[in-house]
Every structure is written in structure tokens, then in C-alpha cells.
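Inspection log for the structure reproduced underneath, given as C-alpha cells.
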Amino acid sequence: MDKKLIIAIDGYSSCGKSTFAKSIAKELNYIYIDSGAMYRAVTLYCMRENLVRENEMQTSAIVSELKNIKIAFRYNRPSDCYLTYLNSENVEDDIRSIEVASHVSRISMIPEVRERMVELQQQMGRDKGIVMDGRDIGTVVFPDAEIKIFMTASVEIRAKRRFDELAGKNIVTTIEEVRRNIVARDIADENRDISPLRRADDAIILDNSRMSVKEQMLWFMKIIHKLKDES
Ligand code: DC
């Protein structure tokens, strides 16, 4: 397909959105943007500045710090991936920690944080040819995206996948802890007042509980071909 598209992928945490979105971006030679990484980077910044702790969050200080938070994605040839940079520092590994995961839902509930991230995300999509994954991409960031996919998978399968991913990075945890974190994030994502996780009316559902990445790509290519035939 010659015309460049915006592909919006939303869904629950740890259901393989980024793996799927990266494969699509590679196949179509598009840019991939992990919007969750942006919320994680803001969270890491706040943790380092002591603006967020277990039971306490300094919302107004976080909002006034937003102007000092610069987030960028840079392509890394050896890993063939886009890495997340926070104020010019590569934070790709740090933002994946369980501590960041446990604070990020609260940070991403702050309206000013969302406004700033949405603005940046829309700028990144200006030239199209982009695959972005997150929670509100098809509903808020790119309501006119040509393809919207809403991903889901069972909690058990998501916990197992996330646990394996963390174990692969030598991060010590238990399946139960990972499961609890996923359930808590589902509840927070679905119930926050601003931009809650919900399927856009025109999004196609993909339940990948029992699908390999290859099967998901075959499913996606059918959608692309159908769109091409219709245009
Ligand atoms: O996709 P992820 O698990 O890395 O996202 C981290 C957190 O950021 C998740 O708890 C919800 C939040 N998030 C969001 O609110 N909106 C997005 N577009 C992407 C992520």
C-alpha cells in the first residue's frame, strides 16, 4: 500500500501490544511508538525527583516539572529497535522495572501529564506511516486512524508472558506479584476519569490468548489487504 497510514493499537497491559506493533512497523517500514514508554519515562523522572512514593504523589510539583521532561525515541541499529530517551539519557531498561510499573498508573491519571503526552504523540504522527500502541490511541490520540485494533488476552496468559519477559532481564519477582500488578493496572486503566481504556467503536478486537506472533501477523495482513482492495 503506497498511502501511509496511522495504525492505532490499544489494549490491556502485557497482552503483547508492543511485540505485535513492532512486527507491523517492520513489515510496513513504519515508525513504531510505544506510548506507554512515555508515561513510564515521566514516572521514572518523578521517582528520581522524589515526587512519587508508595502513598504519596506531589501532583502540582509533577505538573510544573513537565516542561523539564524531554522524551524521545531513537532508532538503535544493533537491536533494530527504537529506544526511549529521557532528557538525552537512554532509559529503555530503567522504565521497565517493577517499581516504575507500580507507580505509572497514578502518574498517567494526571490530566496535564496526559495532555502533554497526547500533544507529543500527535506531533509524532503528523507524517503518518506510524504504528502506535497504548490505551487511548484509537479513541483520543488518533480518532481518525485508518486501522484501529483493540487487543486482549486472559490475565493468566498475560501474567505468564510478562513474568517470562522480566525473568529474561534477570528481574526477580513472582508470577503472583506480576498478576496482581496486571489486575491493578487493568482496573486503574479502565476506571480513570480521563481517557480510560476502552475500545473505539470502530476498532477490531484481537484476542491473542492462543495466537503466536506469526498468526497475529497473518490476521493483520488480511486486514491490510482488505483495506487495499476497498480503496
Ligand atoms: O503499555 P505499558 O504497560 O507500558 O503502559 C504503562 C502505563 O501507562 C499503563 O499502566 C497505562 C499507561 N498508559 C496510558 O495511560 N495511556 C497510554 N496511551 C499508554 C499507557
Practice task
Output the residues belonging to the stretch 92-135 that are closer than 18 Å to ASN181 by Cα, within 16 Å of the chain's Cα centre (by Cα) and assigned to a helix (DSSP H, G or I).
Solution key: ASP94, ILE95, ARG96, ILE98, VAL100, ALA101, SER102, HIS103, VAL104, SER105, ARG106, ILE107
Exercise for the section: For TYR32, indicate whether it is touching a helix residue (DSSP H, G or I) at 6+ places or on another chain (Cβ under 9 Å), within 29 Å of ALA153 (Cβ to Cβ) and not in a helix (DSSP H, G or I). Expected result: yes
Exercise for the section: Examine the stretch 59-79 for a residue that is assigned to a loop (DSSP other than H, G, I, E, B), at pLDDT below 95 and of a type in the set (Lys, Arg), and state whether such a residue exists. Expected result: yes
Completion exercise
Of the conditions (1) under 16 Å from the mean Cα position of the chain (by Cα); (2) open to solvent by less than 20 Å² (accessible area, probe 1.4 Å); (3) over 19 Å from GLU119 (Cβ atoms); (4) free of Cβ contacts under 8 Å to residues at least 60 places away in the same chain, the single one that ALA25 does not satisfy is (4)
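Mind counting the residues in the stretch 131-148 that are within 14 Å of the ligand (Cβ to nearest atom) and either under 19 Å from TYR30 (Cβ atoms) or out of contact with any strand residue (DSSP E or B) (no Cβ under 8 Å at 6 or more places or on another chain) (or both)? Write out each step before concluding.
Residues of the stretch 131-148 within 14 Å of the ligand (Cβ to nearest atom): 131-143, 145, 148.
With the extra rule that they be either under 19 Å from TYR30 (Cβ atoms) or out of contact with any strand residue (DSSP E or B) (no Cβ under 8 Å at 6 or more places or on another chain) (or both), the set shrinks to 131-134, 137-138, 140-143, 145, 148.
Going through the stretch 131-148 one residue at a time, the tally reaches 12.
Determine, yes or no, whether ILE171 is exposed (fewer than 15 other Cβ atoms within 10 Å of the Cβ), part of a loop (DSSP other than H, G, I, E, B) and within 16 Å of the ligand (Cβ to nearest atom).
Numbers: exposed (fewer than 15 other Cβ atoms within 10 Å of the Cβ): yes; part of a loop (DSSP other than H, G, I, E, B): yes; within 16 Å of the ligand (Cβ to nearest atom): yes.
Yes; evaluated as a whole, the condition is true for this residue.
Please state which one of GLU65, GLU54, GLU49 is free of Cβ contacts under 8 Å to residues at least 24 places away in the same chain and surrounded by fewer than 12 Cβ atoms within 10 Å (Cβ to Cβ).
Values: GLU65 fails: surrounded by fewer than 12 Cβ atoms within 10 Å (Cβ to Cβ); GLU49 fails: surrounded by fewer than 12 Cβ atoms within 10 Å (Cβ to Cβ).
Just one listed residue meets the conditions, GLU54.
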Problem - the stretch 1-23 - residue that is small (Gly, Ala, Ser) and in a loop (DSSP other than H, G, I, E, B) and, of those, nearest to the ligand (Cβ to nearest atom) - result: SER13
Problem - Residues of the stretch 97-126 satisfying the condition of being closer than 13 Å to ALA41 by Cβ and either open to solvent by 60 Å² or more (accessible area, probe 1.4 Å) or more than 12 Å from the ligand (Cβ to nearest atom) (or both) - result: ARG116
Practice task
Determine whether the stretch 193-215 contains at least one residue that is part of a helix (DSSP H, G or I), modelled with pLDDT under 95 and over 18 Å from ALA21 (Cα atoms).
Solution key: no
Exercise for the section: Go through (1) away from the ligand (no atom under 12 Å from the Cβ); (2) touching a residue at least 12 places away in the same chain (Cβ under 8 Å) one by one and return the number of the condition THR84 breaks. Expected result: (1)
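The values are calculated or read from the model by the stated rules, or taken from the named source; none is laboratory data. Here the structure is a predicted model, which means the values were calculated and not measured. Please note: Cβ atoms are built from the backbone with ideal geometry, for glycine as well, and neighbour counts cover all protein chains shown. Please note that ligands, DNA and RNA were not included when accessible areas were found on the heavy atoms of the full protein model with its side chains. Shrake-Rupley method; radii C 1.70, N 1.55, O 1.52, S 1.80 Å.
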